[in-house]
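Notes for the one structure printed next.
The values are calculated or read from the model by the stated rules, or taken from the named source; none is laboratory data. What you see is a predicted model, and the numbers here were worked out from it, not measured in a lab. Cβ coordinates were reconstructed from backbone atoms using ideal geometry, including for glycine residues, and neighbour counts include every protein chain displayed. Protein only, heavy atoms only, side chains kept; ligands, DNA and RNA dropped before computing areas. Shrake-Rupley method; radii C 1.70, N 1.55, O 1.52, S 1.80 Å.
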Amino acid sequence: MILCGMQTLPEEFVRQLTISLGPERVGEVVSFITGSPASTAVRVNPFKTEAVPPQFASGKETYSRWGRLLPERPDFALDPLFHAGAYYVQDASSMYLESILPLMTRMREERPEGPFTVLDLCAAPGGKSTHLLSMLREIPGSFLVSNEVIRSRASVLYENISKWGAANVVVTNSDPSDFQSLGEYFDVIVVDAPCSGEGMFRKDPEAVAQWSMDNVRLCAARQRRILSDILPCLRPGGLLVYSTCTFNPVEDEDNVAWTASQYGMEVLEQRHFYPGDPGAGEGFFFSSLRKGGTYGVSGRSAGKGRGRSGGAPLRFKEDVPWVNEGFHLFRCGSLIKAFPAAVTVPMLELTEGGARLRVLASGTAVAGVKDGRSGGKQVIVPQFSLIQSEVYRRGSLPEVEVSLDAALEYLRRGLPALPGAPAGYVVLTYGGVPSGLVKNLGNRCNNLLPPSLRLRIS
Ligand code: SAM
């Protein structure tokens with residue numbers, strides 16, 4: 001072990017890093033890892049706010065136009081805007097993913113017909129997926145499949161995706177090999193692979209304790225399995241992003257070279273970000289590769305030839321008056337869901353067309369349908385996910401701006417008093433962003449925050 005400043009780093013790790021960086025540069029990076037605090041950055045949500053919240057205004061620019069590198073770490077848990085999905089806390093280096101936006105734009109221009117499909121294969125807790133959703137606002141007819149294989153992590157992913165508010169997303173909990181039934185379906189696949197986590201050393205002493213060369217080799221073998229399982233799902237000429245938060249070449253450059261030679265892919269770019277690099281955070285490896293073949297010529301659509309099962313178009317749209325233009329409504333069991341009009345059919349085909357995927361969510365659940373009392377007319381009730389989503393038509397429900405204390409009280413599932421507010425469903429806003437839904441009964445309110453989102457700190 002090498003003892004430096006606040007941290008003790010494994011000798012073999014430092015030796016590997018020296019091979020990659022050279023003896024002059026390595027000292028600088030090691031002293032950043034061992035002697036300086038971890039960085040903090042946020043990425044603002046364009047679905048919720050165009051402006052950077054004032055508390056982040058002093059932050060430095062990042063690789064994302066929506067990102068800010070902060071001078072110190074605020075207490076995010078006590079900021080209602082964080083819980084409302086107005087921004088995402090993310091390592092600044094990872095924001096380099098935005099460099100693929102011009103490539104995606106060009107691909108869409110080359111193949112304007114059909115849906116533009118993106119898969120984030122290893123997606124929890126949702127940093128890359130929320131970023132991709134922000135970018136896909138600029139790619140017409142696009143949607144994202146956000147997948148996480150580990151069930152408990154998939155629930156966290158689902159919560160973060162719902163908070164972000166995009167409706168052009170399907171959340172799945174599947175093994176990479178399960179996607180093969182789709183054929184060459186995706187225009188872009190992002191594999192942000194599970195790795196040995198050398199870029200987590202400043203944040204997490206456990207990552208240092210668990211590091212070994214054996215583990216690096218195990219991770220590299222697993223990464224190759226994941227890539228082998230998913231590459232058959234990429235369109236000819238499609239784009240693969242392979243990234244890790246580790247520095248060693250075994251998991252990074254060696255795997256890129258292996259993928260390129262094994263699958264006849266062209267390496268477009270590969271680069272490391274180290275702590276201390278300008279604009280970088282903790283550390284990241286980014287690579288992009290293009291699959292062989294002519295883009296847009298072949299490739300298969302998941303739902304071709306398959307009929308849709310379940311889910312009926314909603315006949316009486318006026319029953320759900322809270323929805324923006326440009327979305328189709330479907331009744332799926334006791335839920336009414338909204339899908340962006342341009343991708344409704346492919347999203348439904350993907351989720352209901354018989355692919356072997358475990359789908360946790362698709363589109364936005366906007367309302368529930370309840371039986372009326374004693375067999376009366378069915379009642380349509382807004383869902384919490386409606387007010388988190390781009391689907392929600394602002395002002396279609398009464399809105400009340402609340403104070404910081406009231407917003408936090410709401411998040412603890414307390415029952416804020418709303419003197420003067422109309423009876424019925426009311427949206428609470430904080431900083432202008434929809435943050436809560438209540439049913440105002442006059443003398444009291446029912447708090448409709450899902451219990452899983454409850455703030456547990458005082
Ligand atoms: N992309 C995420 C983000 O930006 O928030 C971080 C992803 S993390 C580096 C890697 C993810 O891969 C983890 O959520 C982990 O559960 C998942 N994973 C672990 N084993 C996997 C496997 N065999 N196949 C696919 N994903 C796996």
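Points to keep in mind about this one:
- Taken as a whole, the condition of being crowded, with 20+ Cβ neighbours inside 10 Å and among the hydrophobic types (A, V, I, L, M, F, W, C) applies to ALA367.
- Among the residues listed as GLU159, GLU113, GLU109, the single one being acidic (Asp, Glu), open to solvent by 10 Å² or more (accessible area, probe 1.4 Å) and modelled with pLDDT under 95: GLU113
- Taking the numbered list (1) without any contact (Cβ under 8 Å) to a residue 40 or more places away in the chain; (2) assigned to a helix (DSSP H, G or I); (3) among the hydrophobic types (A, V, I, L, M, F, W, C) in turn, ALA365 passes all entries but (2).
- Helices (runs of 4 or more DSSP H) completely within the stretch 63-177 that count 2 or more residues being within 11 Å of the ligand (Cβ to nearest atom): 127-136, 151-164
- Matching entry among LEU268, LEU218, LEU240 (being over 22 Å from the mean Cα position of the chain (by Cα) and assigned to a strand (DSSP E or B)): LEU268
- When the stretch 194-206 is limited to residues that are outside any loop (DSSP other than H, G, I, E, B) and within 11 Å of the ligand (Cβ to nearest atom), the one that is surrounded by the fewest Cβ atoms within 10 Å (Cβ to Cβ) turns out to be MET200.
- Checking VAL190 against (1) hydrophobic (A, V, I, L, M, F, W, C); (2) within 12 Å of the ligand (Cβ to nearest atom); (3) in a helix (DSSP H, G or I); (4) within 13 Å of the chain's Cα centre (by Cα), the condition it does not meet: (3)
- Residue in the stretch 161-180 that is within 16 Å of the chain's Cα centre (by Cα) and aromatic (Phe, Trp, Tyr) present: yes
- Candidates MET95, MET135 - the one that is open to solvent by less than 50 Å² (accessible area, probe 1.4 Å) and under 28 Å from THR351 (Cα atoms): MET135
Yes/no per residue for (1) open to solvent by less than 40 Å² (accessible area, probe 1.4 Å); (2) modelled with pLDDT of 95 or more:
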position	(1), (2)
ILE189	yes, yes
ASP192	yes, yes
VAL208	yes, no
LEU218	no, yes
GLU253	no, yes
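- Count of residues meeting criterion [open to solvent by 30 Å² or more (accessible area, probe 1.4 Å), in a strand (DSSP E or B) and of a type in the set (A, V, I, L, M, F, W, C)] in the stretch 370-414: 3
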